[in-house]
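Read the structure below first, then the notes.
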Amino acid sequence: MQHRGYYDQFGGAFIPEILVPTFDELEQAYLEAKADPAFWQEYKALMSSYSGRPTPLTQAENLSDHFGGAQIYVKREDLNHTGAHKANNVMGQGLLTKRMGKTRVIAETGAGQHGVATATMAAKFGFDCTIYMGEVDVERQRPNVFWMERMGAEVIPVSDGSRILKDAINEAFRDWVSNMDDTHYVLGTACGPYPFPEMVSWFQSIIGTEAREQVLRETGKLPRRAYACVGGGSNAMGLFSGFFDDPEVELVGVEAGGRGKGIGEHASRLAYDDASVGVAQGYKTYFLQDDDGQMQETHSVSAGLDYVGVSPILSSLRESGRVRFEAATDQEVIDAMSLTVQREGLIPALESSHAFAQAFKEVGDLDPDDVIIINQSGRADKDIFTVADALKDPKWEEFIIAKAKGYQNA
(Lines give C-alpha, C1' and ligand atoms only; values in the text may rest on other atoms or scores of the structure.)
Protein backbone atom coordinates (compact mmCIF):
# COMPACT_ATOMS: atom_id res chain seq x y z
CA MET A 1 0.00 0.00 0.00
CA GLN A 2 1.27 3.45 -0.89
CA HIS A 3 0.65 6.69 1.00
CA ARG A 4 -2.86 7.31 2.29
CA GLY A 5 -4.64 4.37 0.87
CA TYR A 6 -3.32 3.98 -2.66
CA TYR A 7 -3.17 0.50 -4.15
CA ASP A 8 -0.91 1.04 -7.16
CA GLN A 9 -2.71 3.82 -9.01
CA PHE A 10 -6.10 3.17 -7.39
CA GLY A 11 -7.69 4.45 -4.19
CA GLY A 12 -6.93 7.70 -2.40
CA ALA A 13 -9.21 10.06 -0.53
CA PHE A 14 -10.74 12.69 -2.79
CA ILE A 15 -12.91 14.43 -0.22
CA PRO A 16 -14.14 17.95 0.46
CA GLU A 17 -11.95 19.94 2.82
CA ILE A 18 -14.71 20.09 5.42
CA LEU A 19 -14.53 16.28 5.81
CA VAL A 20 -10.75 16.04 6.21
CA PRO A 21 -10.79 16.21 10.05
CA THR A 22 -13.52 13.54 10.16
CA PHE A 23 -11.51 11.21 7.94
CA ASP A 24 -8.36 11.90 9.96
CA GLU A 25 -10.28 10.94 13.13
CA LEU A 26 -11.60 7.77 11.48
CA GLU A 27 -8.17 6.77 10.17
CA GLN A 28 -6.62 7.24 13.60
CA ALA A 29 -9.35 5.21 15.30
CA TYR A 30 -9.02 2.43 12.70
CA LEU A 31 -5.23 2.23 12.88
CA GLU A 32 -5.25 2.26 16.68
CA ALA A 33 -7.87 -0.51 16.74
CA LYS A 34 -5.92 -2.56 14.19
CA ALA A 35 -2.79 -2.30 16.33
CA ASP A 36 -4.67 -3.31 19.48
CA PRO A 37 -5.01 -7.12 19.85
CA ALA A 38 -7.71 -6.58 22.47
CA PHE A 39 -9.92 -4.88 19.87
CA TRP A 40 -9.79 -7.85 17.50
CA GLN A 41 -10.52 -10.23 20.35
CA GLU A 42 -13.51 -8.10 21.37
CA TYR A 43 -14.65 -8.12 17.74
CA LYS A 44 -14.32 -11.92 17.41
CA ALA A 45 -16.15 -12.46 20.69
CA LEU A 46 -18.99 -10.20 19.56
CA MET A 47 -19.26 -11.98 16.21
CA SER A 48 -19.30 -15.33 17.99
CA SER A 49 -21.93 -14.52 20.61
CA TYR A 50 -24.13 -12.21 18.51
CA SER A 51 -23.69 -13.28 14.90
CA GLY A 52 -22.94 -16.98 15.15
CA ARG A 53 -19.38 -17.11 13.83
CA PRO A 54 -17.52 -19.06 12.70
CA THR A 55 -19.81 -19.81 9.78
CA PRO A 56 -19.44 -23.38 8.47
CA LEU A 57 -17.81 -24.63 5.30
CA THR A 58 -20.37 -26.97 3.74
CA GLN A 59 -19.47 -29.72 1.28
CA ALA A 60 -21.91 -29.70 -1.64
CA GLU A 61 -21.81 -33.41 -2.50
CA ASN A 62 -24.86 -33.39 -4.78
CA LEU A 63 -23.62 -30.50 -6.89
CA SER A 64 -20.16 -32.06 -7.02
CA ASP A 65 -21.66 -35.31 -8.32
CA HIS A 66 -23.87 -33.40 -10.79
CA PHE A 67 -20.98 -31.58 -12.47
CA GLY A 68 -18.12 -34.01 -11.95
CA GLY A 69 -14.66 -32.49 -11.64
CA ALA A 70 -13.62 -30.78 -8.43
CA GLN A 71 -15.30 -31.11 -5.06
CA ILE A 72 -17.46 -28.07 -4.26
CA TYR A 73 -17.41 -26.47 -0.82
CA VAL A 74 -19.59 -23.49 0.17
CA LYS A 75 -18.59 -20.86 2.74
CA ARG A 76 -21.86 -20.14 4.54
CA GLU A 77 -21.98 -16.39 5.15
CA ASP A 78 -25.75 -16.68 4.73
CA LEU A 79 -25.78 -18.10 8.27
CA ASN A 80 -24.39 -14.86 9.71
CA HIS A 81 -26.92 -12.89 11.76
CA THR A 82 -29.06 -10.77 9.37
CA GLY A 83 -28.39 -13.28 6.60
CA ALA A 84 -25.23 -12.04 4.91
CA HIS A 85 -21.56 -11.15 5.24
CA LYS A 86 -22.56 -7.53 5.84
CA ALA A 87 -22.70 -8.04 9.62
CA ASN A 88 -18.92 -8.63 9.72
CA ASN A 89 -18.13 -5.09 8.62
CA VAL A 90 -21.05 -3.40 10.35
CA MET A 91 -20.42 -4.79 13.82
CA GLY A 92 -16.75 -3.87 13.52
CA GLN A 93 -17.60 -0.31 12.52
CA GLY A 94 -20.09 -0.23 15.40
CA LEU A 95 -17.26 -0.91 17.84
CA LEU A 96 -15.22 1.86 16.18
CA THR A 97 -18.20 4.23 16.44
CA LYS A 98 -18.29 3.60 20.19
CA ARG A 99 -14.54 4.24 20.39
CA MET A 100 -15.00 7.61 18.67
CA GLY A 101 -17.88 8.60 20.94
CA LYS A 102 -20.39 9.04 18.10
CA THR A 103 -24.11 8.59 18.77
CA ARG A 104 -25.60 8.32 15.27
CA VAL A 105 -24.88 6.12 12.25
CA ILE A 106 -25.89 6.49 8.62
CA ALA A 107 -25.54 4.04 5.76
CA GLU A 108 -26.35 3.40 2.14
CA THR A 109 -27.81 0.14 0.92
CA GLY A 110 -28.73 -1.50 -2.39
CA ALA A 111 -29.87 -5.06 -1.76
CA GLY A 112 -30.90 -4.01 1.72
CA GLN A 113 -28.67 -6.48 3.59
CA HIS A 114 -26.23 -3.76 4.61
CA GLY A 115 -29.15 -1.60 5.70
CA VAL A 116 -30.59 -4.38 7.83
CA ALA A 117 -27.18 -5.11 9.34
CA THR A 118 -26.62 -1.42 10.15
CA ALA A 119 -30.09 -1.06 11.69
CA THR A 120 -29.40 -4.20 13.74
CA MET A 121 -26.08 -2.87 14.96
CA ALA A 122 -27.65 0.50 15.82
CA ALA A 123 -30.38 -1.22 17.82
CA LYS A 124 -27.81 -3.26 19.77
CA PHE A 125 -25.49 -0.33 20.51
CA GLY A 126 -28.21 2.29 21.00
CA PHE A 127 -27.31 4.56 18.06
CA ASP A 128 -29.74 6.70 16.08
CA CYS A 129 -29.82 5.34 12.52
CA THR A 130 -30.65 6.66 9.05
CA ILE A 131 -30.49 4.48 5.93
CA TYR A 132 -30.39 5.85 2.37
CA MET A 133 -31.76 3.58 -0.36
CA GLY A 134 -32.57 4.21 -4.02
CA GLU A 135 -36.28 4.19 -4.83
CA VAL A 136 -35.80 1.32 -7.29
CA ASP A 137 -34.17 -0.79 -4.59
CA VAL A 138 -36.83 0.14 -2.01
CA GLU A 139 -39.43 -1.33 -4.36
CA ARG A 140 -37.59 -4.57 -5.10
CA GLN A 141 -36.28 -5.13 -1.56
CA ARG A 142 -39.39 -4.28 0.47
CA PRO A 143 -38.88 -7.10 3.06
CA ASN A 144 -35.53 -5.62 4.09
CA VAL A 145 -37.02 -2.12 4.29
CA PHE A 146 -39.72 -3.48 6.57
CA TRP A 147 -37.18 -4.89 9.03
CA MET A 148 -34.98 -1.80 8.98
CA GLU A 149 -37.95 0.30 10.00
CA ARG A 150 -39.03 -2.19 12.67
CA MET A 151 -35.59 -1.83 14.28
CA GLY A 152 -36.02 1.91 14.52
CA ALA A 153 -34.06 3.08 11.49
CA GLU A 154 -35.32 5.89 9.30
CA VAL A 155 -35.23 4.69 5.68
CA ILE A 156 -35.00 7.55 3.19
CA PRO A 157 -35.81 6.65 -0.46
CA VAL A 158 -33.50 8.45 -2.91
CA SER A 159 -35.19 9.76 -6.05
CA ASP A 160 -32.12 11.33 -7.72
CA GLY A 161 -30.30 9.86 -10.70
CA SER A 162 -30.91 6.19 -11.43
CA ARG A 163 -32.45 5.76 -7.95
CA ILE A 164 -30.09 2.87 -7.09
CA LEU A 165 -26.97 2.28 -4.97
CA LYS A 166 -24.67 4.99 -6.34
CA ASP A 167 -27.36 7.60 -5.68
CA ALA A 168 -27.87 6.35 -2.12
CA ILE A 169 -24.11 6.72 -1.52
CA ASN A 170 -24.22 10.32 -2.74
CA GLU A 171 -27.05 11.16 -0.34
CA ALA A 172 -25.28 9.51 2.59
CA PHE A 173 -22.18 11.63 1.99
CA ARG A 174 -24.34 14.78 1.89
CA ASP A 175 -25.81 13.84 5.25
CA TRP A 176 -22.36 13.20 6.73
CA VAL A 177 -21.06 16.63 5.69
CA SER A 178 -23.88 18.22 7.68
CA ASN A 179 -23.69 15.97 10.76
CA MET A 180 -20.10 14.80 11.08
CA ASP A 181 -19.66 15.81 14.73
CA ASP A 182 -21.97 13.11 16.12
CA THR A 183 -22.40 10.83 13.07
CA HIS A 184 -20.36 7.97 11.61
CA TYR A 185 -20.99 6.83 8.03
CA VAL A 186 -21.01 3.01 8.02
CA LEU A 187 -19.96 2.54 4.39
CA GLY A 188 -21.03 -0.94 3.36
CA THR A 189 -18.39 -2.11 0.93
CA ALA A 190 -14.65 -1.93 0.19
CA CYS A 191 -14.99 1.28 -1.82
CA GLY A 192 -14.97 5.00 -1.12
CA PRO A 193 -12.19 7.20 0.26
CA TYR A 194 -9.40 5.77 2.41
CA PRO A 195 -9.56 4.25 5.02
CA PHE A 196 -12.88 2.61 4.03
CA PRO A 197 -11.60 0.12 1.39
CA GLU A 198 -8.88 -1.17 3.69
CA MET A 199 -10.95 -1.01 6.89
CA VAL A 200 -13.94 -2.84 5.44
CA SER A 201 -11.62 -5.47 3.95
CA TRP A 202 -10.00 -5.94 7.37
CA PHE A 203 -13.31 -6.68 9.08
CA GLN A 204 -14.36 -8.99 6.23
CA SER A 205 -11.04 -10.87 6.35
CA ILE A 206 -12.58 -13.03 9.06
CA ILE A 207 -14.27 -14.93 6.17
CA GLY A 208 -11.02 -15.91 4.50
CA THR A 209 -9.21 -16.67 7.73
CA GLU A 210 -11.95 -19.11 8.72
CA ALA A 211 -12.29 -20.59 5.23
CA ARG A 212 -8.57 -21.36 4.94
CA GLU A 213 -8.47 -23.07 8.35
CA GLN A 214 -11.65 -25.01 7.61
CA VAL A 215 -10.69 -26.30 4.17
CA LEU A 216 -7.29 -27.48 5.41
CA ARG A 217 -8.92 -29.22 8.35
CA GLU A 218 -11.63 -30.88 6.28
CA THR A 219 -9.73 -31.77 3.10
CA GLY A 220 -6.06 -31.55 4.03
CA LYS A 221 -5.35 -29.24 1.10
CA LEU A 222 -5.84 -25.72 -0.16
CA PRO A 223 -8.56 -25.09 -2.76
CA ARG A 224 -7.69 -24.94 -6.42
CA ARG A 225 -10.00 -21.93 -6.81
CA ALA A 226 -12.06 -19.58 -4.65
CA TYR A 227 -15.09 -17.82 -6.13
CA ALA A 228 -16.92 -14.73 -4.88
CA CYS A 229 -19.38 -12.30 -6.42
CA VAL A 230 -18.21 -8.70 -6.85
CA GLY A 231 -20.34 -5.61 -6.47
CA GLY A 232 -18.33 -3.14 -4.44
CA GLY A 233 -16.14 -6.06 -3.40
CA SER A 234 -16.36 -6.60 0.36
CA ASN A 235 -17.32 -10.29 0.41
CA ALA A 236 -14.72 -11.02 -2.28
CA MET A 237 -12.01 -9.19 -0.34
CA GLY A 238 -13.10 -11.13 2.73
CA LEU A 239 -12.74 -14.56 1.14
CA PHE A 240 -9.72 -13.78 -1.02
CA SER A 241 -7.71 -12.29 1.85
CA GLY A 242 -7.35 -15.75 3.37
CA PHE A 243 -5.47 -16.95 0.26
CA PHE A 244 -3.47 -13.94 -0.98
CA ASP A 245 -0.25 -15.59 0.19
CA ASP A 246 -1.10 -18.90 -1.51
CA PRO A 247 -0.24 -18.46 -5.21
CA GLU A 248 -1.54 -21.94 -6.03
CA VAL A 249 -5.08 -20.78 -5.16
CA GLU A 250 -6.72 -19.02 -8.11
CA LEU A 251 -9.06 -16.24 -7.02
CA VAL A 252 -12.10 -15.57 -9.22
CA GLY A 253 -14.35 -12.54 -8.86
CA VAL A 254 -17.71 -12.69 -10.62
CA GLU A 255 -19.52 -9.50 -11.65
CA ALA A 256 -23.02 -8.80 -12.89
CA GLY A 257 -23.17 -9.63 -16.60
CA GLY A 258 -26.82 -8.55 -16.68
CA ARG A 259 -28.31 -8.84 -20.15
CA GLY A 260 -24.89 -8.88 -21.83
CA LYS A 261 -22.24 -6.43 -23.01
CA GLY A 262 -23.02 -2.79 -23.72
CA ILE A 263 -23.48 0.26 -21.52
CA GLY A 264 -26.67 0.04 -19.49
CA GLU A 265 -26.96 -3.73 -19.92
CA HIS A 266 -24.70 -4.90 -17.09
CA ALA A 267 -22.65 -3.79 -14.07
CA SER A 268 -19.28 -5.32 -14.94
CA ARG A 269 -16.33 -3.04 -14.38
CA LEU A 270 -13.42 -5.49 -14.56
CA ALA A 271 -14.57 -8.47 -16.67
CA TYR A 272 -15.90 -6.46 -19.63
CA ASP A 273 -14.21 -3.55 -21.39
CA ASP A 274 -16.92 -0.90 -20.91
CA ALA A 275 -15.34 0.72 -17.81
CA SER A 276 -12.48 3.19 -17.52
CA VAL A 277 -10.37 4.62 -14.72
CA GLY A 278 -11.78 7.72 -13.07
CA VAL A 279 -12.39 9.52 -9.80
CA ALA A 280 -15.85 9.59 -8.20
CA GLN A 281 -17.41 9.30 -4.74
CA GLY A 282 -14.06 10.04 -3.14
CA TYR A 283 -11.73 7.49 -4.74
CA LYS A 284 -10.04 6.37 -7.96
CA THR A 285 -10.95 3.08 -9.61
CA TYR A 286 -12.68 1.63 -12.68
CA PHE A 287 -16.12 3.16 -13.26
CA LEU A 288 -18.81 2.65 -15.87
CA GLN A 289 -18.67 6.19 -17.22
CA ASP A 290 -18.71 8.11 -20.49
CA ASP A 291 -15.82 10.09 -21.97
CA ASP A 292 -16.81 13.11 -19.86
CA GLY A 293 -16.72 11.13 -16.62
CA GLN A 294 -20.50 10.98 -16.25
CA MET A 295 -21.67 7.80 -14.52
CA GLN A 296 -23.65 5.47 -16.78
CA GLU A 297 -26.73 3.33 -16.22
CA THR A 298 -26.20 -0.19 -14.88
CA HIS A 299 -28.38 -3.29 -14.80
CA SER A 300 -28.43 -6.49 -12.78
CA VAL A 301 -31.09 -8.89 -11.60
CA SER A 302 -29.44 -8.49 -8.18
CA ALA A 303 -29.87 -5.21 -6.33
CA GLY A 304 -26.50 -5.50 -4.62
CA LEU A 305 -24.26 -5.76 -7.70
CA ASP A 306 -25.45 -2.88 -9.89
CA TYR A 307 -22.86 -0.37 -8.68
CA VAL A 308 -20.90 1.75 -11.19
CA GLY A 309 -17.56 1.41 -9.36
CA VAL A 310 -15.53 -1.31 -7.68
CA SER A 311 -13.04 -1.61 -4.83
CA PRO A 312 -9.74 0.07 -5.68
CA ILE A 313 -7.98 -2.88 -4.06
CA LEU A 314 -9.68 -5.27 -6.49
CA SER A 315 -8.77 -2.99 -9.41
CA SER A 316 -5.15 -3.27 -8.33
CA LEU A 317 -5.42 -7.05 -7.97
CA ARG A 318 -6.90 -7.28 -11.45
CA GLU A 319 -4.03 -5.24 -12.93
CA SER A 320 -1.47 -7.46 -11.20
CA GLY A 321 -3.26 -10.61 -12.37
CA ARG A 322 -3.75 -11.96 -8.85
CA VAL A 323 -7.55 -12.05 -9.26
CA ARG A 324 -9.35 -13.17 -12.41
CA PHE A 325 -12.67 -11.47 -13.15
CA GLU A 326 -15.62 -12.96 -15.02
CA ALA A 327 -19.26 -11.98 -15.50
CA ALA A 328 -22.44 -14.05 -15.17
CA THR A 329 -25.65 -13.08 -16.94
CA ASP A 330 -29.02 -12.68 -15.24
CA GLN A 331 -30.28 -15.94 -16.74
CA GLU A 332 -27.17 -17.88 -15.72
CA VAL A 333 -27.63 -16.55 -12.20
CA ILE A 334 -31.29 -17.55 -11.95
CA ASP A 335 -30.44 -21.01 -13.32
CA ALA A 336 -27.55 -21.46 -10.87
CA MET A 337 -29.65 -20.42 -7.91
CA SER A 338 -32.48 -22.75 -8.94
CA LEU A 339 -30.11 -25.70 -9.32
CA THR A 340 -28.46 -25.02 -5.97
CA VAL A 341 -31.83 -24.86 -4.22
CA GLN A 342 -33.01 -28.09 -5.84
CA ARG A 343 -29.81 -30.11 -5.42
CA GLU A 344 -28.49 -28.91 -2.04
CA GLY A 345 -31.33 -27.15 -0.25
CA LEU A 346 -29.11 -24.05 -0.06
CA ILE A 347 -30.72 -20.75 -1.01
CA PRO A 348 -27.99 -18.35 -2.19
CA ALA A 349 -28.85 -14.68 -2.69
CA LEU A 350 -28.94 -13.48 -6.27
CA GLU A 351 -25.64 -11.71 -5.61
CA SER A 352 -23.99 -14.90 -4.36
CA SER A 353 -25.51 -16.88 -7.22
CA HIS A 354 -23.18 -15.06 -9.61
CA ALA A 355 -20.27 -16.87 -7.96
CA PHE A 356 -22.14 -20.18 -8.17
CA ALA A 357 -22.90 -19.61 -11.86
CA GLN A 358 -19.26 -19.06 -12.80
CA ALA A 359 -18.06 -21.97 -10.68
CA PHE A 360 -20.60 -24.25 -12.35
CA LYS A 361 -19.21 -23.29 -15.77
CA GLU A 362 -15.69 -24.29 -14.76
CA VAL A 363 -15.81 -26.99 -12.09
CA GLY A 364 -16.23 -29.89 -14.53
CA ASP A 365 -12.87 -29.12 -16.13
CA LEU A 366 -10.95 -29.68 -12.89
CA ASP A 367 -9.67 -32.95 -11.44
CA PRO A 368 -11.72 -34.96 -8.90
CA ASP A 369 -8.93 -34.45 -6.38
CA ASP A 370 -9.28 -30.67 -6.64
CA VAL A 371 -11.37 -28.56 -4.25
CA ILE A 372 -13.09 -25.24 -4.90
CA ILE A 373 -14.75 -22.82 -2.48
CA ILE A 374 -17.78 -20.68 -3.36
CA ASN A 375 -18.65 -17.84 -1.03
CA GLN A 376 -22.39 -17.85 -0.32
CA SER A 377 -22.33 -14.23 0.80
CA GLY A 378 -26.03 -14.08 1.63
CA ARG A 379 -29.37 -15.84 1.45
CA ALA A 380 -32.21 -15.15 -0.96
CA ASP A 381 -35.09 -14.40 1.42
CA LYS A 382 -34.82 -10.77 0.33
CA ASP A 383 -34.99 -11.78 -3.35
CA ILE A 384 -38.24 -13.72 -3.22
CA PHE A 385 -40.21 -11.17 -5.26
CA THR A 386 -37.51 -10.89 -7.94
CA VAL A 387 -36.91 -14.64 -8.15
CA ALA A 388 -40.59 -15.57 -8.23
CA ASP A 389 -41.16 -13.03 -10.99
CA ALA A 390 -38.18 -14.32 -13.00
CA LEU A 391 -39.38 -17.90 -12.66
CA LYS A 392 -42.97 -16.87 -13.44
CA ASP A 393 -44.22 -19.07 -10.62
CA PRO A 394 -48.02 -19.34 -11.10
CA LYS A 395 -48.76 -20.03 -7.43
CA TRP A 396 -46.78 -16.98 -6.40
CA GLU A 397 -48.66 -14.83 -8.93
CA GLU A 398 -51.96 -16.13 -7.57
CA PHE A 399 -50.81 -15.29 -4.03
CA ILE A 400 -49.84 -11.71 -4.96
CA ILE A 401 -53.13 -11.13 -6.83
CA ALA A 402 -55.15 -12.49 -3.91
CA LYS A 403 -53.24 -10.28 -1.47
CA ALA A 404 -53.78 -7.22 -3.64
CA LYS A 405 -57.51 -7.91 -3.81
CA GLY A 406 -57.62 -8.37 -0.07
CA TYR A 407 -56.05 -4.94 0.47
CA GLN A 408 -58.47 -3.34 -2.00
CA ASN A 409 -61.45 -4.83 -0.20
CA ALA A 410 -60.19 -3.97 3.27
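The values are calculated or read from the model by the stated rules, or taken from the named source; none is laboratory data. All of these numbers come straight from a predicted model, not from anything done at the bench. Note that we place each Cβ from the backbone using ideal geometry, even for glycine, and neighbour counts take in every protein chain shown.
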Restricting to region 149-171, and then to whatever is under 19 Å from the mean Cα position of the chain (by Cα) and among the basic types (Lys, Arg), can you tell me which residue is surrounded by the fewest Cβ atoms within 10 Å (Cβ to Cβ)?
163
If residue 139 passes every condition in (1) assigned to a helix (DSSP H, G or I); (2) of a type in the set (D, E, K, R); (3) farther than 28 Å from residue 278 by Cα; (4) in contact (Cβ under 8 Å) with a residue 24 or more places away in the chain but one, which one does it miss?
(4)
Spot the failing condition for residue 74; the list is (1) in a helix (DSSP H, G or I); (2) of a type in the set (A, V, I, L, M); (3) out of contact with any helix residue (DSSP H, G or I) (no Cβ under 6 Å at 6 or more places or on another chain), and only one is missed.
(1)
Quick check on this structure: which one of 126, 94, 83, 68 is at pLDDT below 95, out of contact with any His (no Cβ under 7 Å at 6 or more places or on another chain) and not acidic (Asp, Glu)?
83
Please go through region 290-322 and give me each residue that is more than 17 Å from the chain's Cα centre (by Cα), on the phi < 0 side of the Ramachandran plot and modelled with pLDDT of 95 or more, ordered by number.
316, 317, 318, 319, 320, 322
Could you tell me whether any residue of region 290-303 is part of a helix (DSSP H, G or I) and touching a residue at least 12 places away in the same chain (Cβ under 8 Å)?
no
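One line per residue, one yes/no per condition, for (1) surrounded by 23 or more Cβ atoms within 10 Å (Cβ to Cβ); (2) out of contact with any Lys or Arg (no Cβ under 9 Å at 6 or more places or on another chain); (3) closer than 30 Å to residue 384 by Cβ:
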position	(1), (2), (3)
281	no, no, no
284	no, yes, no
298	yes, no, yes
306	yes, no, yes
313	yes, yes, no
328	yes, no, yes
346	no, no, yes
355	yes, yes, yes
Has region 295-312 got at least one residue that is farther than 26 Å from residue 12 by Cα and β-branched (Val, Ile, Thr)?
yes
Those helices (runs of 4 or more DSSP H) completely within region 336-409 that have 3 or more residues that are touching a residue at least 24 places away in the same chain (Cβ under 8 Å) and β-branched (Val, Ile, Thr) are 384-391
Report yes if some residue within region 241-250 is out of contact with any Phe, Trp or Tyr (no Cβ under 9 Å at 6 or more places or on another chain), within 13 Å of residue 191 (Cα to Cα) and of a type outside the set (Ser, Thr, Tyr); otherwise report no.
no
